Amino acid sequence: MQMVKRIVGGFFLSLILLWLLAPKVELYYLLEKSLKEKQIIISNETIKDTWYGLKIENAELYVAGAKVAKVAELEFNFFFFYNTLMINEIKMDSSLSNMAPKEINELTAVYSILDPLIIKLEGTGSFGVLNGTVALIEKKIEILFPVVKELKTIKKFLKKDKEKGWVYETNY
């Protein structure tokens, strides 16, 4: 019985050490490489490795060579059963002022093993509040704007639903 306890304990200790000491920065560079294939480039960022995740500060986002946004902070938290991405202070480029909200104060994406086919989104910004889901199997994104402030810039992309309010839906 003691042998079984030691084996199980050693397995879980190895798993925790592997998680804490994993090369998270290298995984970020791998993500950056795959985004570059889709012409999405993140540059001028400062990367900090934390015990349980990764923190990226002052990143600039370029899509197809055009500057899209400046992000003050991205924080990835990697846990075994619950992963989060928190983005703070996204300021859109002035050239996109008629197509996108001016700024997004906070955006959070949560992936949980309890609901493995859905990524949940929450955020606040110049548009108000957003709640959304990304359905991984159906490849569908649905974003609901229950508390609206300023939707002039993105209103043309939204549908009015009687029950939900303003909704953005797309497939990827």
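The values are calculated or read from the model by the stated rules, or taken from the named source; none is laboratory data. The model shown is predicted, which means the values in this text are computed figures rather than measured ones. So basically every Cβ, Gly included, is an ideal-geometry build from the backbone, and we count neighbours across all protein chains shown.
For segment 16-49, give me each residue that is among the acidic types (Asp, Glu), more than 17 Å from the chain's Cα centre (by Cα) and within 19 Å of Leu85 (Cα to Cα).
Residues satisfying the conditions are Glu26, Asp49.
Hey, any hits in segment 143-161 for a residue that's under 23 Å from Glu75 (Cα atoms) and surrounded by 12 or more Cβ atoms within 10 Å (Cβ to Cβ)?
Step one: of segment 143-161, the residues under 23 Å from Glu75 (Cα atoms) are 143.
Of the ones still in play, those that are also surrounded by 12 or more Cβ atoms within 10 Å (Cβ to Cβ) are 143.
Taking every residue of segment 143-161 in turn, at least one turns out to be under 23 Å from Glu75 (Cα atoms) and surrounded by 12 or more Cβ atoms within 10 Å (Cβ to Cβ).
Only one residue in Glu142, Glu150 is assigned to a loop (DSSP other than H, G, I, E, B) and touching a residue at least 24 places away in the same chain (Cβ under 8 Å), so which one is that? Let's see the steps before the verdict.
Values: Glu142 fails: assigned to a loop (DSSP other than H, G, I, E, B).
Going through Glu142, Glu150 in turn, just one is assigned to a loop (DSSP other than H, G, I, E, B) and touching a residue at least 24 places away in the same chain (Cβ under 8 Å): Glu150.
Those residues that are within 19 Å of Pro101 (Cα to Cα) and aliphatic (A, V, I, L, M), I need them from segment 114-167; list them, please.
Residues satisfying the conditions are Leu121, Val129, Leu130, Ile141, Ile143, Leu144, Val147, Val148, Leu151, Ile154, Leu158, Val167.
Go through Gly65, Gly125, Gly165 for me and flag whichever is modelled with pLDDT under 95, exposed (fewer than 12 other Cβ atoms within 10 Å of the Cβ) and either assigned by TED's automatic domain parsing to the domain that holds Lys33 or over 27 Å from Leu18 (Cβ atoms) (or both). Please lay out each step first, then the result.
Working: Gly125 fails: exposed (fewer than 12 other Cβ atoms within 10 Å of the Cβ); Gly165 fails: exposed (fewer than 12 other Cβ atoms within 10 Å of the Cβ).
The unique qualifying residue is Gly65.
The rows are residues; the columns are (1) in a loop (DSSP other than H, G, I, E, B); (2) among the acidic types (Asp, Glu).
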| position | (1), (2) |
| --- | --- |
| Leu17 | no, no |
| Tyr29 | no, no |
| Leu54 | no, no |
| Lys67 | no, no |
| Glu73 | no, yes |
| Phe79 | yes, no |
| Asn83 | no, no |
| Met86 | no, no |
| Pro116 | yes, no |
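Between a first residue in segment 93-122 that is in contact (Cβ under 8 Å) with a residue 12 or more places away in the chain and farther than 25 Å from Lys70 by Cβ and a second residue that is part of a loop (DSSP other than H, G, I, E, B) and of a type outside the set (A, V, I, L, M), which pairs have beta carbons less than 8 Å apart while being 6 or more apart in sequence or on different chains?
Partner pairs satisfying both residue conditions: Ser112/Phe81; Ile113/Phe80; Ile113/Phe81; Leu114/Phe81.
I'd like to know if segment 97-111 contains one or more residues that are small (Gly, Ala, Ser), under 30 Å from Ile16 (Cβ atoms) and in a strand (DSSP E or B). Walk me through it before giving the result.
In the first step, residues of segment 97-111 are kept if they are small (Gly, Ala, Ser); the result is 97, 100, 109.
From the residues that got through so far, the ones that are under 30 Å from Ile16 (Cβ atoms) too are 109.
Filter again for in a strand (DSSP E or B), leaving 109.
So far as segment 97-111 goes, yes, one or more of its residues are small (Gly, Ala, Ser), under 30 Å from Ile16 (Cβ atoms) and in a strand (DSSP E or B).
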